[in-house]
Amino acid sequence: MIDLDDERLAHVLASVGEHLVIAPSAVDDDVRADRRRGRRPLVVVAVGLAAALVLVVVVVAPIRRTVADWLGIGSTQIDIDPSASSAMSTSVTLPSLVDGVQLVDRPTAVGRLGRDLPTFDGTILGAPSGFALMPEGGVLVVWSDGTTLWWRATVDETSVLLKKAIVERLAVTELDGLGDRAVLVVGEHLLRTPHRTLGAGNVVLWLRGDDELRVESDRDGPELVEIARALDAEVRAAG
Amino acid sequence: MLLIDDLERILVRRARDGDAAAFGELTARHRTSALRVATVVLGTATGADDAVQDADVRAWRFRASVDPDRSFRSWYLRVVANVAKSARRSSGRRAVLELREAATASSDVRDPADEAVTDEERRRAIAAINRLGADDRLVIALRHFEQMTEAEMADVMRCAPGTVKSRLSRAMDRLRAQMREQHSEVAS
């Protein structure tokens, strides 16, 4: 067993796969039932999946028309969490997106993104004042007025990277004609990443191909949307 | 007579068009693999079915991105792995992993040579796997538990097949190192 040859080890591992426990024990079930009341037993879920999905489609369809993709967009999941307001009341202590990031030169940012960056000087923001590499991936473009554009390339939209906690659904509006899909989130909210919990303000999130973009500013919603459209035009032109 | 792949392609097309029953059929076909991948990523069977349910919802949301001409299983297992990773990060767990061996096989489909593998061999392999990181466990599981090709694994892991090869090689090296370490611990 110490040094199995490749073939034998592969055989043992295949057998492990066949024998692995993949369903919780009865004790686990009890614990989980207490923790997550309302969750259906696995067998019921398996049998009733199709029916449940039909129900989901019917019930959720109006929501989908109101906001993009069940209050989520790309790898960003937007949760409605009224308790977020109490966390935000202490937002003076919450860092913002730019806190703790180190500015880098343009070539370094281009290297991280894997493509050339537009000049971004065709918008009312003018040329950016710097770039930063985000610990969660992608590049942050920073302007002197505090506006930021977080650009992540080749994002896997089936993963959940960011979680936004907003107080009410009305804060989210679906936008037409911006990238493949876009939403505006108005008001202060929490942004949770695998690395940090941040305070965030007005934000436009949009998808273009495999790219996920997020512009944040203290400007009001309509003005921020116009800025997002101008930035998107430069992103599109840069190809 | 339709080949299974042809049928799956038809189901994918119907699911993309919003046919929830077709989508349910597709995910049901790969339920065991999904639970196994979620279990391996989480490090425990507890929560694996929740992760798979969440993955089902997310997969349904993003069904338009499924390519009918590529493996649905690879795409679906990618969603499951991503959701399980997210759940693991959110829970902040877990210092101790608990992959366990079932008393009986989890599938009726058995390799005839399986009987030749002893309980002790499996137990030691699981103990070594438990000491690996989630990424190593996932790549080993895709290759050896799910019997995926490097191309299929590349689809799941969203990387080049060459990268899969090097990641798998490194994971297997670490697995062997853990097995040797265990042996040393037992011997001493």
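Would you be able to tell me the number of residues in region B:19-28 that are free of Cβ contacts under 8 Å to residues at least 24 places away in the same chain and facing chain A (nearest Cβ under 8 Å)?
4
Go over the candidates B:36, B:29 one by one and state the one that is at pLDDT 90 or above, crowded, with 24+ Cβ neighbours inside 10 Å and of a type in the set (Lys, Arg). So that I can check it myself, show each step before the final result.
Working: B:29 fails: crowded, with 24+ Cβ neighbours inside 10 Å.
Residue meeting the stated conditions: B:36.
For residues that are more than 8 Å from chain A (Cβ to nearest Cβ) and in a loop (DSSP other than H, G, I, E, B), tally how many sit in region B:44-70.
Residues meeting the conditions: 6.
Going by what's in this entry, would residue B:89 be described as at pLDDT 90 or above and of a type in the set (Lys, Arg)?
For residue B:89, the condition - at pLDDT 90 or above and of a type in the set (Lys, Arg) - is not met.
Right, residue B:178: in contact (Cβ under 8 Å) with a residue 12 or more places away in the chain and within 12 Å of chain A (Cβ to nearest Cβ) or not?
Against the criterion (in contact (Cβ under 8 Å) with a residue 12 or more places away in the chain and within 12 Å of chain A (Cβ to nearest Cβ)), residue B:178 qualifies.
One line per residue, one yes/no per condition, for (1) of a type in the set (Gly, Ala, Ser); (2) farther than 30 Å from residue B:99 by Cα:
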{"residue": "B:8", "(1), (2)": "no, yes"}
{"residue": "B:11", "(1), (2)": "no, yes"}
{"residue": "B:15", "(1), (2)": "yes, yes"}
{"residue": "B:18", "(1), (2)": "yes, yes"}
{"residue": "B:35", "(1), (2)": "no, no"}
{"residue": "B:47", "(1), (2)": "yes, no"}
{"residue": "B:54", "(1), (2)": "no, no"}
{"residue": "B:59", "(1), (2)": "yes, no"}
{"residue": "B:81", "(1), (2)": "yes, no"}
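Filter region A:123-144 down to the residues that are outside any loop (DSSP other than H, G, I, E, B) and closer than 21 Å to residue A:207 by Cα and list them by number.
Once the filter is applied, which keeps residues that are outside any loop (DSSP other than H, G, I, E, B) and closer than 21 Å to residue A:207 by Cα, region A:123-144 yields A:131, A:132, A:133, A:139, A:140, A:141, A:142.
Within region B:105-127, count every residue that is within 19 Å of the chain's Cα centre (by Cα) and either more than 10 Å from every other protein chain (Cβ to nearest Cβ) or modelled with pLDDT under 85 (or both).
So the answer is 8.
Determine if region A:182-195 includes at least one residue that is modelled with pLDDT of 85 or more and assigned to a loop (DSSP other than H, G, I, E, B).
So far as region A:182-195 goes, yes, one or more of its residues are modelled with pLDDT of 85 or more and assigned to a loop (DSSP other than H, G, I, E, B).
The values are calculated or read from the model by the stated rules, or taken from the named source; none is laboratory data. Because the structure is a prediction, the values reported are computed rather than measured. Cβ: placed from backbone, ideal geometry, glycine included. Neighbour counts: every protein chain shown.
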